[in-house]
Amino acid sequence: ARGQYAVAHAGFDTLATLDSDSALVPPLKAFLAELTLLEDQTDHGRTAAIFQYRALISLSPKDMNASRARWRVGDLYVEMKWFQEAVVSYEDASAHALSPSDADRSLLGLGVTLGSIGRWTEAERAFDTVRKRATDNRLLMRATLGQANALYAQHRKRDALPLYDVLYRGGPDFIKTDPNQLQQYGDVLFDAGQLERARDVDALLYNLYPS
């Protein structure tokens, strides 16, 4: 946490001498994978971390750290823009999730990735599933935004409007951090004939992102 990666690595390497049956081994391997990413924030580092995560999954497939590792692999593929590999990883993570939160996080990543490659109908289904069952508010909000964007991309503005409304009422900070979301929300309001509200959203967009 303090950026002393060499010291941290030495400590983890010492722990790595433990018996392979130790309960500390799975979290140790997960920490080492994340440390690899901290030390090398390039595709080379991401690839190395993926190999480490896959070794953890192979060694301890029923461990909670392995459950998280499955969707982390998907995240790393997304960062490298290897979207097809990410889709496969998220689907695997969803199928083998050991907790509801891991299942939801896997499906959320899957939805975002499917949207990135234009598979909006499938993305919408993934986001809708997360929205129906997520208990974590942050995941719920992200899934709601994802579903709104998926509906917008399919030109289903009327269906997208109540979702954008929920996001805006639930916390404008969540939607106003991205000019594209504000533009889409204003467009949806305009299309629905809610001109005063559209004006307010577009004014906010202009004031926050004049360029």
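The values are calculated or read from the model by the stated rules, or taken from the named source; none is laboratory data. Fair warning: this is a prediction, and the values are worked out from it, not measured in the lab. A quick note on method: Cβ atoms are made from the backbone with ideal geometry, for glycine too, and the neighbour counts reach across all protein chains shown. These accessible areas exclude ligands, DNA and RNA; they are computed on the full protein's heavy atoms, side chains included. Shrake-Rupley method; radii C 1.70, N 1.55, O 1.52, S 1.80 Å.
Against the numbered list (1) more than 20 Å from Met80 (Cα to Cα); (2) at pLDDT below 95; (3) open to solvent by less than 90 Å² (accessible area, probe 1.4 Å), Ile57 comes up short only at (2). Selection of first residues in the range 109-137 that are closer than 18 Å to Ala97 by Cβ and of second residues that are among the aromatic types (Phe, Trp, Tyr), restricted to Cβ pairs under 7 Å at least 6 apart or on distinct chains, gives the following pairs, ordered by first then second residue: Gly109/Trp71; Gly109/Tyr90; Leu110/Tyr90; Gly111/Phe127; Thr113/Phe83; Thr113/Tyr90. Inclusion of Gln181 among residues that are in a helix (DSSP H, G or I), touching a helix residue (DSSP H, G or I) at 6+ places or on another chain (Cβ under 9 Å) and at pLDDT 95 or above is not warranted.
Take the residues of the range 4-52 that are among the hydroxyl-bearing types (Ser, Thr, Tyr) and not in a helix (DSSP H, G or I): which is most open to solvent (accessible area, probe 1.4 Å)? First the steps, then the outcome.
As a first pass, look at the range 4-52 and keep what is among the hydroxyl-bearing types (Ser, Thr, Tyr): 5, 14, 17, 20, 22, 36, 42, 47.
Subset that is not in a helix (DSSP H, G or I): 17, 20, 22, 42.
Values: Thr17: 116, Ser20: 82, Ser22: 34, Thr42: 65 Å².
Of everything passing the filter in the range 4-52, Thr17 is most open to solvent (accessible area, probe 1.4 Å).
Scanning the range 165-178 for residues being acidic (Asp, Glu) and either outside any helix (DSSP H, G or I) or over 26 Å from Gln194 (Cα atoms) (or both) gives a total of 1. Looking at the range 190-204, can you tell me whether even one residue there is without any contact (Cβ under 8 Å) to a residue 12 or more places away in the chain and closer than 30 Å to Met80 by Cβ? So far as the range 190-204 goes, no, none of its residues is without any contact (Cβ under 8 Å) to a residue 12 or more places away in the chain and closer than 30 Å to Met80 by Cβ. Count of the range 118-164 residues, restricted to those that are more than 23 Å from Lys81 (Cα to Cα), part of a helix (DSSP H, G or I) and polar (S, T, N, Q), is 3.
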